[in-house]
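Report on the following structure.
The values are calculated or read from the model by the stated rules, or taken from the named source; none is laboratory data. Predicted model only: the values in this text are computed from it and were never measured. Cβ atoms come from the backbone with ideal geometry, glycine included; neighbour counts cover every protein chain shown. Heads up: the accessible areas ignore ligands, DNA and RNA and are worked out on the full protein's heavy atoms, side chains in. Shrake-Rupley method; radii C 1.70, N 1.55, O 1.52, S 1.80 Å.
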Amino acid sequence: MRKTKIFFVSTEVYPFVKGGRAGEFAGSLPTYLQMAGHEVRVMMPKYSLINERKHIIRDIIRLREIPIATPFEEGKVSVKSGFLPESKTQIYFLDYEKFFKRTDLFRDRRTGQFYKDNDERFMFFCRTAIETLKTLGWQPDIIHCCDWATGILPAMVRQEQLQHHLFKKTIVVYSLNNLEDTGVFDKSSLAKSGIEGETLDLEKCLFKNKLSFMKCGISFSDAVTIPSLHKELKSVSKPRSDVEAILATAKHVTDIPYGADHNVWNPANNNSLHKAYTPDKYDRRRVNKEKFLEARRTGFDPQRLILGIVAERLEVQKKVIVSFLKAIRDVPLQVFIIADEPPTADAALKQVMARNANHTYFTLQDPDDQIRHNFFAVCDLFWVPPTESFSDITFMNGIHYGTIPLIPKSSPVAGHFEPIKDKSYAGNAMIYSDEKDAAHKLEIAATISKEDPARWESLAKHAMKTDLSWNQFLAPVLRVYEKAFSKLK
């Protein structure tokens, strides 16, 4: 594919805000496209949650006080700039306190409800994205929009193409990563967008007589993508939900695999660790384990197998974790659990941990990614309770630390890994069919670790060399771009 200019627009970009799959996607793919020779820039809101000093976010003189006019809000905004970590990929931040100086991205933390003005917040963000491009005089070949909150942007781009002849040779790609919300608002909200019925068919933005950002994004994009784990939604004939019903309106949906970000999740250049390490300097990994366990006073034995468990959404995963821990109760293990909530606050989970003499437990609420990097460097294996949002990315990120993933055979990413055989011990992951098989795999791991530590070290080094980054998965994305370009007249 020819070298192109690509503008990513997302309301979540990792690591600036820790959201879901959308943030991982918009925080990693642009960097790998840039490394492949494309000119890539990214834009997101500057939430108050973002630490400007930590991420070195600076003012840009030419992007100060850009006038933004919408039917509901007129004002002057500043757009700041930084770079995606470990890259030369530039990212812009819309700084507008009225809409983005809040305690969360989309919801009021006190009530758990969506902010009532989310329609205005993200319409304003999308309008600013266009005005930023105009101010810069930079016309991208591709505008890549991410998830429901940017769904109004493809229609805005179409209006610019028709009314002002801007972006005439620009294609619009719309990626749906978190398929949990369609961005539905009252029909009257459509008038706030500034999109004119004389220019575009506004009915394409409506679902059940309400404005749906997702429907709008699908209707006015040249291509729509979803994660491969949702590939069954490519051709929905009998929708079971609003998301499926809206996806069914798309002329063509492409499922794409996701790649890990081995630039960020990399023990070779990570300053969160006590010592950076590589397969050739594996002894440093042992130092990380010993230093972390000593500082945290876990009571763990550095020589004994440590199984890590990552719970991104403990509230919905705790039953699965309890069942899993019961299934592996006879395997002598040290178990390190990190979760988005305090693991010991759940009575059932606390009880199953207290009743098992074969296991030594240490738990942490996962406060930041410094802990996450150290977690991977400490654990010998790790397991993620099945969830649609995070498990595949976590498996792919964690293996780069020499931590053997324990993956259910049913996982959408299981096919990316090489199963470790019971006899030859070649491979980079333990793939299990059910909980009984998981316990069997852990028994094998415990035996190898205790009786043949050199072999276990060899497995860990092999795992570290596994490349599951976007370098391996760019081709499907580029094919989406090429197909969309072919539609240009």
Taking residue 88 as the residue in question, decide whether it is assigned to a loop (DSSP other than H, G, I, E, B) and surrounded by fewer than 16 Cβ atoms within 10 Å (Cβ to Cβ). yes
Answer residue from segment 469-489, given it is open to solvent by 70 Å² or more (accessible area, probe 1.4 Å) and over 22 Å from the mean Cα position of the chain (by Cα) and is farthest from residue 404 (Cα to Cα) among those: 489
Determine whether segment 6-16 contains at least one residue that is of a type in the set (S, T, N, Q) and within 30 Å of residue 475 (Cβ to Cβ). yes
Return the pairs, sorted by first residue and then second, in which the second residue is modelled with pLDDT under 95, the first residue lies in segment 469-489 and is assigned to a strand (DSSP E or B), the beta carbons are less than 7 Å apart, and the residues are 6+ apart or on different chains. 469/259; 469/260; 469/261; 469/262
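This table checks each residue for (1) modelled with pLDDT of 95 or more; (2) out of contact with any helix residue (DSSP H, G or I) (no Cβ under 7 Å at 6 or more places or on another chain); (3) closer than 27 Å to residue 368 by Cβ.
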position: 54; (1), (2), (3): no, yes, yes
position: 66; (1), (2), (3): yes, no, no
position: 89; (1), (2), (3): yes, no, yes
position: 94; (1), (2), (3): yes, no, yes
position: 113; (1), (2), (3): no, yes, yes
position: 121; (1), (2), (3): yes, no, yes
Given the structure, is residue 111 of a type in the set (Val, Ile, Thr) and in a loop (DSSP other than H, G, I, E, B)? yes
Is segment 380-402 home to any residue that is crowded, with 23+ Cβ neighbours inside 10 Å, in contact with a Phe, Trp or Tyr (Cβ under 7 Å, 6 or more places away or on another chain) and polar (S, T, N, Q)? yes
Taking segment 198-221 only, how many residues are open to solvent by 10 Å² or more (accessible area, probe 1.4 Å), of a type outside the set (A, V, I, L, M, F, W, C) and over 11 Å from residue 155 (Cα atoms)? 5
Going through (1) of a type in the set (D, E, K, R); (2) exposed (fewer than 15 other Cβ atoms within 10 Å of the Cβ); (3) part of a helix (DSSP H, G or I) one by one, residue 437 fails only at (2)
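What number of residues within segment 454-468 satisfy the criterion of being assigned to a helix (DSSP H, G or I), out of contact with any Gly (no Cβ under 7 Å at 6 or more places or on another chain) and open to solvent by less than 80 Å² (accessible area, probe 1.4 Å)?
Summing the residues that are assigned to a helix (DSSP H, G or I), out of contact with any Gly (no Cβ under 7 Å at 6 or more places or on another chain) and open to solvent by less than 80 Å² (accessible area, probe 1.4 Å) in segment 454-468 gives 6.
Out of the residues in segment 372-426 meeting the condition of being among the small types (Gly, Ala, Ser) and part of a helix (DSSP H, G or I), tell me which one is nearest to residue 316 (Cα to Cα).
391
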